[in-house]
Amino acid sequence: FFELYFRNFWMLVSAGLWYILLSIPVVTSGLANVGMAYICRMAARDKHVFLTSDFFGAIKRNWKRALPVGIINLIISVVFAADLYVLYIYWSQGIINKTWGAVVFAASMVFIAGFTFMKYYIYTLMITFDYNIKTLYKNSWLFATLGIKHNLIITGTLAIIFALAYVLLTLNFRIGLTIIIVVGAFVYPSFSMFLIQFNVFPEIKKYIIDPYYAEHP
């Protein structure tokens, strides 16, 4: 993992800058994700890419699916955030009893975890197969359970990064915030997507690509 990551470090950082620029309008985050997913998938497979042309080439080929998927994912994320916020208000003000609140919270976290795992796969499936949006979501949801080992590796690694960021803020807020902004802008987008591609593509290859070639040699 680290051999491939550091070999492609500056190329991935450069891709991260395109990613940030395209993510600024928020509604175009799907386009940014599909471009970054393609670059990182190729890097994770140790394949050569032409950064700018391949980044925007992936967007050009997939924008009709990437744009609505990005908006749908954004809406779902907002709904989940609102759900947790309302639950917290109801719980803190005693509008809902603690037992029922705990049940609703647990159910919400299960759906949030499943949605998070699903998002690891959706853009990789998009750039690899000519699926429609419904099939993208269906297969991504299946991989949320099929690839549980790699999903937990990705989530655990990203959780450690966020924990380290929190520690930096508590040790020295100004220095910690500076480091977080620099790393978050220049390193984190490409690192997180490379981590995802490195882990999810073997699962996709195992369950879809290899069986296909076994049946169609």
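The values are calculated or read from the model by the stated rules, or taken from the named source; none is laboratory data. Only a predicted model underlies this, so the values are computations on that prediction, with no experimental measurement involved. Here the Cβ is made from the backbone with ideal geometry for all residues, glycine too, and neighbour counts use every protein chain on show. Ligands, DNA and RNA are excluded from the accessible area calculation, which covers all protein heavy atoms including side chains. Shrake-Rupley method; radii C 1.70, N 1.55, O 1.52, S 1.80 Å.
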Residue check for Phe162: part of a helix (DSSP H, G or I) and touching a helix residue (DSSP H, G or I) at 6+ places or on another chain (Cβ under 7 Å): no
Among residues of segment 117-136, those that are part of a helix (DSSP H, G or I) and either in contact (Cβ under 8 Å) with a residue 60 or more places away in the chain or in contact with a helix residue (DSSP H, G or I) (Cβ under 6 Å, 6 or more places away or on another chain) (or both), counted: 13
Residue list for segment 1-52, filter: surrounded by fewer than 18 Cβ atoms within 10 Å (Cβ to Cβ), assigned to a loop (DSSP other than H, G, I, E, B), free of Cβ contacts under 8 Å to residues at least 60 places away in the same chain and among the hydrophobic types (A, V, I, L, M, F, W, C): Ile24, Val26, Val27, Phe50
Selection status of Gly184, more than 13 Å from the chain's Cα centre (by Cα), within 24 Å of Gly30 (Cβ to Cβ) and either free of Cβ contacts under 8 Å to residues at least 40 places away in the same chain or surrounded by fewer than 17 Cβ atoms within 10 Å (Cβ to Cβ) (or both): yes
Qualifying residue in segment 120-141 (condition: among the hydrophobic types (A, V, I, L, M, F, W, C) and open to solvent by 60 Å² or more (accessible area, probe 1.4 Å)): yes
Scan of segment 82-116 for residues that are closer than 28 Å to Lys138 by Cβ, free of Cβ contacts under 8 Å to residues at least 24 places away in the same chain and open to solvent by 60 Å² or more (accessible area, probe 1.4 Å), ordered by number: Val103, Phe105, Met109, Val110
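Results for (1) open to solvent by 70 Å² or more (accessible area, probe 1.4 Å); (2) at pLDDT below 90; (3) in a helix (DSSP H, G or I), shown as yes or no for each residue.
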| position | (1), (2), (3) |
| --- | --- |
| His150 | no, no, yes |
| Gly156 | no, no, yes |
| Leu168 | no, no, yes |
| Thr178 | yes, no, yes |
| Gln197 | no, no, yes |
| Lys205 | yes, no, yes |
| Ile209 | no, no, yes |
| Pro217 | yes, yes, no |
Per-region count, segment 128-176, residues among the small types (Gly, Ala, Ser) and more than 16 Å from Phe201 (Cα to Cα): 5
Filter result for Phe55 (surrounded by fewer than 18 Cβ atoms within 10 Å (Cβ to Cβ), hydrophobic (A, V, I, L, M, F, W, C) and over 20 Å from Val182 (Cα atoms)): no
Unique residue being closer than 23 Å to Ala81 by Cα and within 17 Å of the chain's Cα centre (by Cα) when the list is Phe105, Phe111: Phe111
